[in-house]
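Would you mind keeping the following structure in view while I ask a few things?
Quick note: the coordinates plus some simple rules give every number you see, no bench work behind them. Predicted, not measured: the structure shown is a model, and the values here were computed from it. Cβ atoms come from the backbone with ideal geometry, glycine included; neighbour counts cover every protein chain shown.
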Amino acid sequence: MNKFAKWGLTLPATIAVVLLLVIPVVLTIATTFGEPKGVFSTYTAFFNSGFRTNILYRTLRIALITTAISLVIGFLTAYVIAQMPGRLKSIAIIAAVFPLLTGVVVRSFAWLIILGKNGILNSSLLSLGIISEPLSMLYTEGSVIVAMVYLFVPLMILTLTGVLEGIPRDVVEASASLGAKPIATFFQVILPLAVPGLIVGAVLVFTGSFTSYATPQLLGGEQMMMMGTLLYQRAMVTFDWVGASTIAAIMVVITIAIVSIMSRIARRLNPMAV
Amino acid sequence: MTVSLTIENLSAHYGQTQVLKDLSISVAAGELVSLLGSSGCGKTTTLRIVAGFLQPTSGNVKLGDRDLTTLPAHARDIGLVFQNYALFPHLTVQENVAFGLKQRGISSADRAKRATAMLERVGLANLADRLPGALSGGQKQRVALARALVIEPPLLMFDEPLSNLDAKLRVDMRVEIRQLQKANGTTSLYVTHDQEEAFSISDRVAIMNAGRIMQLDTPEVLYQKPANAFVARFVGFENLIPMKTVARDGAIVTVEAAGGARLHLSQDVFGPIKDDFVLATRPDGLVVRQEGEGIPTTLGTRTYLGRAYQYKCETAAGEITANGALSELFEPGAKAVLVPVPEQCCILAPEK
């Protein structure tokens, strides 16, 4: 096969990406610089609005907390799964991934039922006499984070199980034979070798939760708007297309920034990570 | 600080299958003993039990007067060299070698000094800052060796350390391993399936089969005087000819092979001869003659070996391989007799 034929194979995908992703993104971002009040006027407007920057900070906070919690839960679970014998392992992975078979809306909606005023959690706590009146758990950052962790942990487990399984047994044994206690082996060998997986998982969860729409819409409501819901409101409720594009552009930049910070951390922890 | 390794009555199971059967070995201080056998013979299982990666069903492991049997692997203080090197891919060569020292709480200045000195000994000082991924197989195994040696363990263990290297490097490396081991006087246990490797590197070799030690001896004894049919076959005694004693007259014993061929063997040269035994020889241990007392045969395929002609010989006792002298050429199909050379034959108990 000659060189051109080989490149030809990537042509359909390249055309799709250029037509459906590169051009729209460039056009969207371009519109934000075309305002009569000045090239960066939409951005100064965004960052001068306390309401909007609050939403940005909240979105960042929620996404980072969700990522951190998912990393810990996902890693611990994957660590256990990776050591299971074959059959049990497949069952555990299927069980972990099972929630992915239903849609995001359904899974977020489930938390409405659990966390609501008359929800399962409140009624259980009431009947156990732990609380005397229902807690308001919905429409808080906490409820959004809980639902997002639930949403994204399966992805993390899946990614990390693969990476942890790939750590050769004899490397772990070599560490023990050299006198490393299990905790030292964990921090000096297993964790650094899992870094590539932790980064992939973290990027997946961060971008997913940073850009999420359905979950904050259902569980955050008007009080707990995130960038996704704000963008929707700008575009579909107030028809402020330039404002919406500005939000989109800010989201793209922040996502790229966070991802590159993560891979820089990864490289420091494990020189083999990309 | 050289100590002996004592393995006593070790048994191990994988599920229902017993993989080690009451195995005992002792390795003297400073000695290198190899466990030699085909895959599944239990040699690696033995090593993994000594290392602390597997728990035996019964028996115990002692290093000097320290009982290791229930200690976790990290508390055993054993230097281990793995078949796949098992280097830490995220650490540089230097950090790999210093890893064990770090676990022992040695200061980073001391660690660096000792790791560098050890890397110089294995000739890799110039690669200290590389990651293992950038090294060749031989270099990786040198790093693994340095990493195991730098902690100055009372016991070194090798799990088929050379089987991923090419033939020439294998020979160089085994000489190097032996020199380092001798220079340090470290008691060592070496697992391999390669007979030449085991014989060339070891003080003593344990030939294993089905979870048991068939014979533990110096390479010379194993090679010349195998104790049983299994070991004989393992070290190249291709011909195992079952025989029966039919008459005794002082030291001279008249024996009969299947098919009725009779030989007169002297116990003065062959050693004591039982009523039922196996005469074991290498192809060199049989002389091909035109006539005389021997096992009658029809010669089959002839191959030229350089130092001799090798014949596949049809006999009433089965097919036998014999090396005939260059000076006397036999044609395929010729009738001849095979005469055992006493010094090159072993009288062994029949196989069960």
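Name the helices (complete DSSP H segments) of chain A with a Cα length along the long axis of 20 Å or more and a Kyte-Doolittle mean of at least 0.0, or state none.
A:50-82, A:141-165, A:191-210, A:241-269
What's the magnitude of the charge dipole for the stretch A:144-274 around its Cα centre, counting Lys and Arg as +1 and Asp and Glu as -1 at the beta-carbon? Answer in Debye, nearest 20.
300
Here's a follow-up. Name the most mobile residue of B:Leu156, B:Leu165, B:Leu222, meaning the one with the largest mean-square fluctuation, in a Gaussian network model of chain B with Cα contacts below 10 Å.
Among B:Leu156, B:Leu165, B:Leu222, the largest mean-square fluctuation in the Gaussian network model of chain B belongs to B:Leu165.
Among A:Ala266, A:Gly221, A:Thr42, whose Cα projects farthest towards the positive end of the dipole of chain A, with charges put on the beta-carbon of Lys, Arg (+1) and Asp, Glu (-1)?
Going by the Cα projections, it comes out as A:Ala266.
Give me the net charge for the shell around B:Glu343: Cβ to Cβ below 15 angstrom, other residues only, Lys and Arg +1, Asp and Glu -1.
Once all neighbours under 15 Å are counted, the net charge is -1.
Let me ask something else. Okay, helix-only estimate at 222 nm for chain A: each DSSP H run of n ≥ 4 adds -39500 (n - 2.57), divide by all residues, round to 500 deg cm²/dmol; what do you get?
Mean residue ellipticity, 222 nm, calculated: -22000 deg cm²/dmol.
Show me the three semi-axes of the equivalent ellipsoid for the protein assembly as shown, from the C-alpha gyration tensor (sqrt of 5 times each eigenvalue), largest first, rounded to whole Å.
Taking √(5λ) for each Cα gyration eigenvalue gives 73, 28, 26 Å.
In addition: Rounded, prolate or oblate: which fits the stretch B:8-78 when a ≥ b ≥ c are the square roots of the eigenvalues of the alpha-carbon gyration tensor, with rounded for a/c under 1.5 and prolate only if a/b beats b/c?
oblate
May I pose another question? Could you point to the residue in A:Leu121, A:Ile250, B:Gly259 farthest towards the positive end of the protein assembly as shown's charge dipole, with +1 and -1 charges on the Cβ of Lys/Arg and Asp/Glu respectively?
Highest projection toward the positive end goes to A:Ile250.
Taking the number of other C-beta atoms within 10 Å as the exposure measure, put B:His90, B:His193, B:His264 in order starting with the fewest.
Starting with the residue having the fewest Cβ neighbours, the order is B:His264, B:His193, B:His90.
Take B:Glu291 and A:Glu35, extend 7 Å from each Cα along the Cα→Cβ direction, and tell me the distance between the two endpoints in nm.
It works out to 12.0 nm between the two label points.
Now a separate question. Mind telling me which of B:Ala198, B:Ala115, B:Ala258 comes out most flexible in a GNM of chain B, alpha-carbon contacts under 10 Å?
Comparing B:Ala198, B:Ala115, B:Ala258 in the GNM, the peak value goes to B:Ala258.
Also, quick follow-up: Using a 7 Å offset from the Cα along the Cα-to-Cβ direction at both B:Asp268 and A:Arg268, what is the distance between the two label points in nm, to one decimal?
The answer from the label model is 8.7 nm.
Can you put B:Lys274, B:Lys62 in order of Cβ neighbours within 10 angstrom, beginning with the fewest?
Exposure proxy ranking, most exposed first: B:Lys274, B:Lys62.
Return the ratio Rg/(2.2 N^0.38 Å) for the stretch B:237-348, where Rg is computed over Cα atoms only.
Against the empirical 2.2 N^0.38 Å value, I get 1.03 for the stretch B:237-348.
Between A:Tyr43 and B:Ala134, how many nm apart are label points set 7 Å from Cα along the C-beta direction?
Calculated label separation equals 3.9 nm.
While we're on this one: Which whole-number percent is the relative contact order of chain B (Cα, under 8 Å, 6+ apart)?
16
Please compare each pair in B:Lys244/B:Lys335; B:Lys113/B:Lys182; B:Lys62/B:Lys168; B:Lys244/B:Lys312; B:Lys62/B:Lys182 to a cut-off of 31 Å on the Cα-Cα distance and tell me which ones are over it.
B:Lys62/B:Lys168
Another question, then. On each of the three principal axes of the Cα atoms of the stretch A:54-269, give max minus min coordinate, whole Å, ordered largest first.
Ordered largest first, the stretch A:54-269 gives principal extents of 63, 49, 29 Å.
In addition: Report the local net charge at B:Gln224: Lys and Arg +1, Asp and Glu -1, summed over other residues whose C-beta lies under 14 Å from its C-beta.
Charge balance near B:Gln224 sits at -2.
Nearest-5 percent of antiparallel DSSP beta bridges in the protein assembly as shown?
Here the share of antiparallel DSSP bridges comes out near 75 percent.
Further question: What FRET efficiency comes out for B:Thr254 versus B:Ala349 if R0 is 22 angstrom and r is the Cβ-Cβ distance? Round to the nearest 0.05.
Plugging the Cβ-Cβ distance into 1/(1 + (r/R0)^6) gives 0.65.
Which residue fluctuates the most in chain A, going by a Gaussian network model with Cα springs under 10 Å, if the choices are A:Pro154, A:Pro36, A:Pro99?
Largest GNM mean-square fluctuation: A:Pro36.
What shape does the stretch B:120-248 take by its C-alpha gyration tensor, where a ≥ b ≥ c are the square roots of the eigenvalues and a/c under 1.5 counts as rounded, a/b above b/c as prolate, and the rest as oblate?
Prolate, because a/c is 1.5 or more and a/b exceeds b/c.
Related question: Which value, in debye to the nearest 20, describes the size of the charge dipole of the stretch B:5-232 about its Cα centre when Lys and Arg Cβ atoms bear +1, Asp and Glu Cβ atoms bear -1, and nothing else is charged?
380
Please give me the summed charge of the neighbours of B:Leu5: other residues whose Cβ is under 14 Å from its Cβ, Lys and Arg +1, Asp and Glu -1.
Net charge in that neighbourhood comes out at -2.
Quick one: if the Förster radius is 35 Å, what FRET efficiency do B:Lys244 and B:Asn9 give, using the C-beta to C-beta distance and rounding to 0.05?
Calculated transfer efficiency: 0.45.
For B:Val339 and B:Glu220, what does the FRET efficiency come to when R0 = 35 Å and r is the distance between their Cβ atoms, rounded to the nearest 0.05?
About 0.85, to the nearest 0.05.
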